[in-house]
1. Just to verify a number: what accessible area does ARG68 come out at with the full protein assembly present, 1.4 Å probe, Å² rounded to tens?
2. Please list, in chain and number order, the residues 5+ apart from VAL179 or on another chain whose amide H is under 5 Å from its amide H, with Hs placed from the backbone.
3. Accessible area per residue, 1.4 Å probe, Å², for the chain: what's the number?
4. May I ask which residue of GLY145, THR217, ALA175 lies farthest towards the positive end of the charge dipole of segment 143-219, with charges of +1 (Lys, Arg) and -1 (Asp, Glu) on Cβ and the Cα centre as origin?
5. Considering just Cα atoms, how many Å³ per residue does the convex hull of segment 31-91 enclose?
6. Accessible area of the chain with a 1.4 Å probe: how many percent of it is carbon plus sulfur?
7. In nm, to one decimal, how far is the TRP17 label point from the ILE171 one, both placed 7 Å along Cα→Cβ?
8. Can you list which of the trypsin sites (Lys or Arg not before Pro) found in segment 134-190 are DSSP loop residues with at most 16 other C-beta atoms within 10 Å?
Amino acid sequence: MNSERYSALIVPPIGPWPRFDPPLRLGVMASGTGSNFEALHDATACGDLSAQLCLLVVNKADCGARQRAAHLGIRCELRDHRHFTSREALDQDLVHTFQDEGVEAIVMAGWMRIVTPVLIDAFPGRLINIHPSLLPSFRGMDAIGQCLTSGAAIAGCTVHEVQKDVDTGPILAQAAVPVLPGDDKEKLTRRIQAQEHRLLPWATALAGQRWRKAASTQG
Ligand code: GAR
């Protein structure tokens with residue numbers, strides 16, 4: 001099988017996109033190159049994802065996500081985790097930052113820090129994460145390396161609600177791709193990330209329906 005001759009499986013399948021009035025007010029957290037952050041931006045810019053990206057928080061001064069935010073004109077704040085005395089202290093700062101911004105939910109788009117109940121409980125069911133494996137397989141660090149080592153024939157990515165235990169929590173959506181002969185980490189990462197960029201905006205929209213439904217029943 002060559003890499004052009006497969007179609008990724010996304011569940012639930014994409015579309016039609018729900019509309020939100022007013023658009024979702026989202027915070028985003030990122031540590032890496034920011035390709036998933038940019039995918040969220042692109043999905044809002046083309047009108048698929050009915051949302052406003054209010055604020056990006058990064059924990060690394062030189063990360064690509066920060067550069068992308070500057071380029072895209074999205075406000076970005078740095079919270080260097082090394083300047084906080086504990087995970088909880090960083091998360092308390094994040095809670096205040098995002099609450100001050102009036103965001104209704106937060107997307108972890110490659111946030112490479114463990115989060116604590118301080119953040120999780122401040123946004124119950126409203127903190128979602130993307131992870132580069134088909135959870136519950138390959139939780140934690142180096143998920144793609146774990147997948148390659150295991151000999152699995154199918155890889156993928158998952159968007160899920162964040163709970164206290166790392167990479168657990170209700171699954172919102174998943175995308176599956178094949179592991180092809182000759183794959184190394186770079187090739188498989190590229191194939192998975194291509195699907196992450198489709199999955200994350202879609203899963204955010206699915207989560208948005210839950211958030212708005214919950215808000216309407218709470219009056
Ligand atoms: C993504 O592949 C995402 O799934 C992963 O970090 C990458 C960030 O890429 N997240 C995790 O591993 C979280 N456990 P990006 O900075 O290009 O969006």
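1. So the heavy atoms of ARG68 present about 70 Å² to solvent.
2. The list, which skips near neighbours in sequence, is ILE154, ALA155.
3. Working: 10520 Å² over 219 residues.
Accessible surface, normalised per residue, equals 48 Å².
4. Checked the options; the winner is THR217.
5. Values: hull volume 5.0 nm³, N = 61.
For segment 31-91, the hull spanned by Cα atoms encloses 82 Å³ per residue.
6. 52 percent
7. 2.5 nm
8. Details: sites: ARG139, LYS164, LYS185, LYS187, ARG190; in loops: ARG139, LYS164.
Answer by residue number: ARG139, LYS164.
The values are calculated or read from the model by the stated rules, or taken from the named source; none is laboratory data. Keep in mind it's a predicted model, so treat the numbers as computed, not measured. All Cβ positions, even for glycine, are placed from backbone atoms using ideal geometry, and neighbour counts span all protein chains on display. To get the accessible areas, we keep the full protein, side chains included, count just its heavy atoms, and leave off ligands, DNA and RNA. Shrake-Rupley method; radii C 1.70, N 1.55, O 1.52, S 1.80 Å.
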